[in-house]
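Presented below is the structure to which this report refers.
The values are calculated or read from the model by the stated rules, or taken from the named source; none is laboratory data. Given the structure is predicted, the values throughout are model-derived calculations rather than measurements. Cβ atoms come from the backbone with ideal geometry, glycine included; neighbour counts cover every protein chain shown. To get the accessible areas, we keep the full protein, side chains included, count just its heavy atoms, and leave off ligands, DNA and RNA. Shrake-Rupley method; radii C 1.70, N 1.55, O 1.52, S 1.80 Å.
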Amino acid sequence: AVSRRLEPGRLVIASHNDGKVREIRPLVAPFGIEPVSAEELGLPEPVETGTSFFANSELKARSAADLSDLPALADDSGICVEALDGAPGVYTADWAETPAGRDWLLAMTKVEEALAAKGPAASRAAAFVCVLTVAWPDGETRAFEGRVDGHLVWPPRGDRGFGYDPVFVPAGHDQTFGEMDPDHKHRISHRARAFAKLKAELLD
């Protein structure tokens with residue numbers, strides 16, 4: 001079967017997170033693809049009812065493609081901590097929710113406290129996981145997973161990046177994602193790995 005490709009033109013980024021749109025734009029620009037965010041199109045954010053990164057990623061992409069009649073790309077990602085049975089996982093952002101908006105220091109503190117409660121011998125291994133899903137208006141979807149393994153540190157280090165970046169050190173490195181040069185982080189991140197798979201199948 002001939003593999004379906006992403007054609008030049010508009011691609012909805014099914015996210016209301018400007019950081020994600022900014023990260024994706026330079027990746028797809030060489031292929032004549034113009035990313036436009038769900039927010040710019042006034043699309044609602046679907047309720048993420050999935051219990052896996054795959055399910056939530058597909059749900060977001062499907063919703064955006066159906067409502068916009070354009071191909072859509074969604075990202076569902078999070079950090080999975082081994083000693084916490086993979087938590088926060090798909091609930092990564094939920095751990096940051098407060099009445100005043102998302103508080104990532106609070107989220108990182110919750111993870112650290114949960115780890116501390118496991119005792120000093122608890123593993124600090126963690127992985128960032130990202131699933132990118134492309135959905136077309138005709139119903140077809142394709143999903144790509146990327147992950148980067150590493151370990152958690154405390155206290156947080158570095159003010160680059162976002163989310164849990166300041167407490168995550170990828171394997172083979174000594175800087176956290178929060179300390180790393182953003183260009184370097186974007187080359188080795190979970191999102192970069194998922195995108196490399198997507199690019200090989202849908203763009204190259």
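Points to keep in mind about this one:
- Annotation: of all residues in region 102-149 being farther than 23 Å from T176 by Cβ and among the acidic types (D, E), the one that is nearest to the chain's Cα centre (by Cα) is E140.
- Restricting attention to region 133-168, the residues that are touching a residue at least 40 places away in the same chain (Cβ under 8 Å) and either assigned to a helix (DSSP H, G or I) or touching a His at 6+ places or on another chain (Cβ under 9 Å) (or both) total 7.
- Any hit, region 106-119, residues being over 15 Å from A83 (Cα atoms), outside any strand (DSSP E or B) and touching a residue at least 60 places away in the same chain (Cβ under 8 Å): no
- On inspection, G50 does not qualify as over 14 Å from H151 (Cα atoms), in contact with a strand residue (DSSP E or B) (Cβ under 6 Å, 6 or more places away or on another chain) and without any contact (Cβ under 8 Å) to a residue 60 or more places away in the chain.
- Flag if C80 is open to solvent by less than 20 Å² (accessible area, probe 1.4 Å) and in contact with a helix residue (DSSP H, G or I) (Cβ under 6 Å, 6 or more places away or on another chain): no
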